[in-house]
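A.B. asks: If you scroll down you'll find the structure; I have some questions about it.
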Amino acid sequence: MSTVCTLSRRAFFLGAAATLAGCATTQPSTKIVPVPQKIRYPITPATDEELAARYAALEDGGHQIPAIPYTQIDPKYYRQRVQDPTGEAPGTVVVDTPNRFLYVVEPGGTAMRYGVGIGRDGFAWEGEGVIQWRQPWPRWKVPADMIARTPSLAKYSVENGGMEPGIKNPLGARALYIFQNGKDTLYRLHGSPEWKSIGKATSSGCVRLINQDVLDLYKRVPYHARIVVHQGSLGTPVGV
């Protein structure tokens, strides 16, 4: 009889312990979720070696892009990261026409800045739009109003298929097409072999960049990115 009681008592305690252990494993565990770090890009001046590599000759899409003699360009027009002066949302493209800069706004209060050439008086565009279309090594299809001013360009008309892509093509290595309210404005962000035009107002309204810079821009700007083009200054530029 005492043996039975001892076994029953032992079974009771073992069963109780197992029940408590089972309850303990069903309690929810607390996980510590790390707080996401805000993205911040460092602003560091480029060395001579970095600039030489940035503007060196390269091959792209079967085309040979020559090196840029960047030392003959005002350093403020070199591609560089700066504090964002625009106040726009990250991902927005902003053109500061008077200062000859194009910005791609980044998270964390910085922007990638490029020196650009802009439209001469009477050919500048202002407003907001979207980058509706992007094209590597585009054909240059001269619009009718430009042909009316320069009839010799008729061979590159839309009807004739435009100019073949290549290093001599005025649209350069990449073109980003600006639309407004669903319509083509006929204004572009594009590369150019004419590096001497950077910082000047010489184009027929489009915003031109060094080919090496437009390759970089193309990688940063997606389809349907918002673009804002200012004819009034954004203020004193930050950076070099």
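A.B. asks: Can you pull out every residue in segment 200-231 that is under 21 Å from Pro98 (Cα atoms), at pLDDT below 95 and surrounded by fewer than 20 Cβ atoms within 10 Å (Cβ to Cβ)?
C.D. replies: Residues satisfying the conditions are Lys200, Ala201, Thr202, Ser204, Gly205, His230, Gln231.
A.B. asks: For segment 105-127, does any single residue satisfy the condition of being surrounded by fewer than 20 Cβ atoms within 10 Å (Cβ to Cβ), of a type in the set (Val, Ile, Thr) and part of a loop (DSSP other than H, G, I, E, B)?
C.D. replies: No.
A.B. asks: Restricting to segment 101-126, and then to whatever is out of contact with any strand residue (DSSP E or B) (no Cβ under 6 Å at 6 or more places or on another chain) and in contact (Cβ under 8 Å) with a residue 40 or more places away in the chain, can you tell me which residue is nearest to Gln180 (Cα to Cα)? Can you show your working first?
C.D. replies: To start, the set of residues in segment 101-126 that are out of contact with any strand residue (DSSP E or B) (no Cβ under 6 Å at 6 or more places or on another chain) comprises 106-109, 115, 121-124.
Adding the requirement that they be in contact (Cβ under 8 Å) with a residue 40 or more places away in the chain leaves 106-109, 115, 121, 123-124.
On the way: Glu106: 23, Pro107: 25, Gly108: 28, Gly109: 27, Gly115: 24, Asp121: 21, Phe123: 17, Ala124: 15 Å.
That would be Ala124.
A.B. asks: Considering each of Asp84, Asp96, Asp145, Asp60 in turn, give the residue that is among the acidic types (Asp, Glu) and touching a helix residue (DSSP H, G or I) at 6+ places or on another chain (Cβ under 9 Å).
C.D. replies: Working: Asp84 fails: touching a helix residue (DSSP H, G or I) at 6+ places or on another chain (Cβ under 9 Å); Asp96 fails: touching a helix residue (DSSP H, G or I) at 6+ places or on another chain (Cβ under 9 Å); Asp145 fails: touching a helix residue (DSSP H, G or I) at 6+ places or on another chain (Cβ under 9 Å).
None of the other options fit; the residue is Asp60.
A.B. asks: Would it be correct to say that Ala67 is out of contact with any Cys (no Cβ under 6 Å at 6 or more places or on another chain), in a loop (DSSP other than H, G, I, E, B), of a type in the set (A, V, I, L, M) and within 24 Å of Pro222 (Cα to Cα)? Steps first, please.
C.D. replies: On the way: out of contact with any Cys (no Cβ under 6 Å at 6 or more places or on another chain): yes; in a loop (DSSP other than H, G, I, E, B): yes; of a type in the set (A, V, I, L, M): yes; within 24 Å of Pro222 (Cα to Cα): no.
Criteria not met by Ala67.
One line per residue, one yes/no per condition, for (1) modelled with pLDDT of 95 or more; (2) small (Gly, Ala, Ser):
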site	(1), (2)
Ile73	yes, no
Pro85	yes, no
Met112	yes, no
Val142	no, no
Leu153	no, no
Gly162	no, yes
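A.B. asks: I need every pair where a residue in segment 183-199 that is on the phi < 0 side of the Ramachandran plot has its Cβ under 7 Å from the Cβ of a residue that is crowded, with 17+ Cβ neighbours inside 10 Å and of a type in the set (Lys, Arg), sequence separation at least 6 or different chains.
C.D. replies: Pairs that qualify, where the first residue is on the phi < 0 side of the Ramachandran plot and the partner is crowded, with 17+ Cβ neighbours inside 10 Å and of a type in the set (Lys, Arg), are His190/Arg174; His190/Arg208; Gly191/Arg174; Ser192/Arg208; Ser197/Arg208.
A.B. asks: Taking only segment 208-232 into account, find how many residues are under 17 Å from Ile73 (Cα atoms) and assigned to a strand (DSSP E or B). Steps first, please.
C.D. replies: First, the residues of segment 208-232 that are under 17 Å from Ile73 (Cα atoms): 208-214.
Still in the running and assigned to a strand (DSSP E or B): 208-210.
Residues in segment 208-232 being under 17 Å from Ile73 (Cα atoms) and assigned to a strand (DSSP E or B): 3 in total.
A.B. asks: Hey, does segment 130-147 have a residue that's within 17 Å of Asp213 (Cβ to Cβ), of a type in the set (A, V, I, L, M), assigned to a loop (DSSP other than H, G, I, E, B) and in contact (Cβ under 8 Å) with a residue 40 or more places away in the chain?
C.D. replies: First, the residues of segment 130-147 that are within 17 Å of Asp213 (Cβ to Cβ): 131, 134-138.
Retained after the next criterion (residues that are of a type in the set (A, V, I, L, M)): 131.
Next cut, assigned to a loop (DSSP other than H, G, I, E, B) only: none.
The answer is no, given that none of the residues of segment 130-147 is within 17 Å of Asp213 (Cβ to Cβ), of a type in the set (A, V, I, L, M), assigned to a loop (DSSP other than H, G, I, E, B) and in contact (Cβ under 8 Å) with a residue 40 or more places away in the chain.
The values are calculated or read from the model by the stated rules, or taken from the named source; none is laboratory data. The structure presented is a predicted model; accordingly, all values stated were derived computationally and were not measured. Positions of Cβ are backbone-derived with ideal geometry, glycine not excepted, and every protein chain shown enters the neighbour counts.
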